[in-house]
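Enquirer: Here's a structure for you.
Every number in this text was worked out from the coordinates using simple rules, so none of it is lab data. Predicted model only: the values in this text are computed from it and were never measured. All Cβ positions, glycine included, derive from the backbone under ideal geometry; neighbour counts span all protein chains shown.
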Amino acid sequence: MTARIIDGKAIAQELRTEWKARVDELKSGGLTPGLAVIIVGEDPASKVYVGNKVKACAEVGLYSEHIALPADTQESTLLAKIAELNVDPAIHGLLIQLPLPSHIDSQKVLEAISPNKDVDGFHPMNVGALVTDTTLFPPCTPSGTMKLLEKMGIEIEGKHAVVVGRSNIVGKPMALLLLHKNATVTICTSRTVNLGKYTRDADILVVATGKPQMITGDMIKPGAVVIDVGINRLPNGKLVGDIDFESAKEVAGYITPVPGGVGPMTITMLIANTIQAAERAKRQE
Ligand code: GUN
């Protein structure tokens, strides 16, 4: 069997076109949704992500500000910039690209973002709201994954979903979103003893460990839906996910490629959250 490929790039494009209409409507009412992205330092991957975010915003008609601060920026300077953007009426969404340099306390920074502009959904208030399924800003990568499942017509209720990875950005929120759709959820990590025992029982398998090609075809249940959140560059320059695509696609029912699977959905959901923030700001005018 060869798996159906989940084309994240095409689905992301379709959604962005759809949402452009929402942006146009807001604009005709005199409000342009605005996103500010702050990057501190020179991490090459972060620079690529931020560049892509800014480009995607322009495509959909959002206003965006890209604030690049040097790697030796003091924490107090960053906090002052956040305080300024928190009250800037042109900015509805504010995102601090992670990771931050080690001399800055990331948690303190995330807590300084206004929960109403926290389009990443990383403020503790929004994390709490995610637990109770009331958040306005579900974290972008997990919500992009949910959108892919929805668009592919994949049923979640009653299914066994196994999430490999426990990060605050992907693994934990992913597990919660699946749980809210009535999946039976198991959370594993890359260190789980006999990991294959769990992954082989998954109807829906989501992997976000940052370990290149660690999940192989023999660890997958025939016909399973396999979502690869990983993006790793091999020494030969090739981009690969956390799943060994070649062996996995022979067993899975559906699979996301890397690149072109989950990746394009992350930015798409960031746009959705920014539009949502602007629509909310408008309601509260
Ligand atoms: N770094 C890696 N993923 C993310 C993300 O989703 N948001 C932010 N702000 N930084 C990241």
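Enquirer: Taking the Cα atoms of the stretch 199-240, what is the range of coordinates along each of the three principal axes, in descending order and whole Å?
Expert: 32, 16, 13
Enquirer: Suppose every K and R has +1 on its Cβ and every D and E has -1 on its Cβ; what is the size of the dipole of the stretch 1-148 about the Cα centre, in Debye to the nearest 20? Walk me through the numbers on the way to the answer.
Expert: Numbers: 13 positive and 18 negative charges, 93 e Å.
Value, rounded to 20: 440 debye.
Enquirer: In addition: Can you pull out the GluC sites (Glu not before Pro) in the stretch 149-212 whose DSSP state is coil and whose Cβ has at most 10 other Cβ atoms within 10 Å? Present the calculation step by step, with values, prior to reporting the outcome.
Expert: Working: sites: 150, 155, 157; in loops: 155, 157.
Of the GluC sites (Glu not before Pro), the ones in loops of the stretch 149-212 whose Cβ has at most 10 other Cβ atoms within 10 Å are 157.
Enquirer: Still on this structure: Need one number: % antiparallel among DSSP beta bridges in the chain, to the nearest 5. If you can, show how the numbers build up before the last one.
Expert: Values: 2 of 31 bridges.
So the antiparallel bridges amount to about 5 percent of the total.
Enquirer: How far is it, in nm, from the label point at residue 5 to the one at residue 106 when both lie 7 Å from their Cα along the line to the Cβ?
Expert: A separation of 3.2 nm, rounded to one decimal place.
Enquirer: Which value does Rg/Rh take for the stretch 208-263 over its C-alpha atoms, Rh per Kirkwood?
Expert: Numbers: Rg = 10.4 Å, Rh = 11.0 Å.
Ratio of gyration radius to Kirkwood radius: 0.95.
Enquirer: Two decimals is fine: what is log10 I(q)/I(0) at q = 0.13, 0.20, 0.22 Å⁻¹ for the stretch 15-140, from a Debye sum with one equal scatterer on every Cα and no solvent?
Expert: -0.55, -1.23, -1.39
Enquirer: When only DSSP loop residues count, what chymotrypsin sites (Phe, Trp or Tyr not before Pro) in the stretch 178-285 have their Cβ near at most 16 other Cβ atoms within 10 Å?
Expert: none
Enquirer: Based on alpha-carbon atoms only, what is the radius of gyration of the stretch 84-155 relative to the globular estimate 2.2 N^0.38 Å?
Expert: Numbers: Rg = 14.2 Å, N = 72, 2.2 N^0.38 = 11.2 Å.
Taking N as the residue count of the stretch 84-155, the ratio is 1.27.
Enquirer: Considering only the other residues whose Cβ falls under 13 Å of the Cβ of residue 91, what net charge follows from Lys and Arg at +1 and Asp and Glu at -1? If you can, show how the numbers build up before the last one.
Expert: Values: positive: 81, 117; negative: 65, 84, 88, 118.
Here the charged neighbours net out to -2.
Enquirer: Okay, moving on. Report the rotationally averaged projected area of the stretch 126-285 based on its alpha-carbon convex hull, in square nanometres. Let's see the in-between values first.
Expert: On the way: hull surface 39.6 nm².
Reported value for the Cα convex hull: 9.9 nm².
Enquirer: Now a separate question. Would you kindly compute the Cα radius of gyration of the stretch 25-82 and its largest Cα-Cα separation (Dmax), both in Å?
Expert: 13.7, 42
Enquirer: Quick one: check the C-alpha center-to-center distance for the stretch 16-65 versus the stretch 107-186, whole angstrom.
Expert: Spelled out, the Cα-based centre of one part sits 21 Å from the other.
Enquirer: For the chain, modelled as a Gaussian network with Cα springs under 10 Å, which listed residue fluctuates most, 260, 30, 165?
Expert: 30
Enquirer: Residue by residue through the stretch 231-246, what is 3J(HN,Hα) from phi via Karplus (6.51 cos²θ - 1.76 cosθ + 1.60, θ = phi - 60°)? Round to whole Hz and write x for glycine and proline.
Expert: Ordered by residue, 3J(HN,Hα) equals 9, 10, 9, 6, x, 7, x, 6, 8, 9, x, 8, 10, 7, 4, 4 Hz.
Enquirer: For the chain, how big is Rg over Rh, using alpha carbon atoms and the Kirkwood form of Rh? Kindly include the intermediate steps, with their values, before the conclusion.
Expert: Working: Rg = 18.9 Å, Rh = 19.5 Å.
Ratio of gyration radius to Kirkwood radius: 0.97.
Enquirer: Taking the Cα centre as origin and putting +1 on Lys and Arg beta-carbons and -1 on Asp and Glu beta-carbons, what dipole magnitude results for the chain, to the nearest 20 debye? Write down the numbers at each step before the final one.
Expert: Details: 29 positive and 31 negative charges, 72 e Å.
For this selection, approximately 340 debye.
Enquirer: If Lys and Arg each add +1 and Asp and Glu each add -1, what is the summed charge of the other residues whose beta carbon sits under 9 Å from the beta carbon of residue 268? Don't jump to the answer; show the numbers that get you there.
Expert: Numbers: positive: 16, 147; negative: none.
My count for the surroundings of residue 268 gives +2.
Enquirer: Count charges around residue 61 for me, please; just the other residues with Cβ under 11 Å from its Cβ, Lys/Arg as +1, Asp/Glu as -1.
Expert: Here the count lands on +1.
Enquirer: Work out the length of the dipole vector of the stretch 181-285 about its Cα centre, built from +1 on the beta-carbon of each Lys and Arg and -1 on the beta-carbon of each Asp and Glu, and round it to the nearest 20 debye. Provide the component values of the computation, followed by the final result.
Expert: Working: 12 positive and 10 negative charges, 58 e Å.
In total the dipole reaches around 280 debye.
Enquirer: With the calculation restricted to Cα positions, what are the radius of gyration and Dmax of the stretch 122-172 in angstrom?
Expert: Every Cα atom of the stretch 122-172 included, Rg and Dmax give 11.8, 32 Å.
Enquirer: Using DSSP H assignments, which helices in the chain have an axial alpha-carbon span of 27 Å or above and a mean Kyte-Doolittle hydropathy of 0.0 or higher? Numbers along the way, then the final one.
Expert: On the way: long enough: 8-28 (30 Å, -0.92); 263-283 (31 Å, 0.04).
Span-like helices here: 263-283.
Enquirer: Okay, moving on. Of the residues 148, 234, 35, which exhibits the maximal mean-square fluctuation in a Gaussian network model of the chain defined by a 10 Å Cα contact cut-off?
Expert: 234
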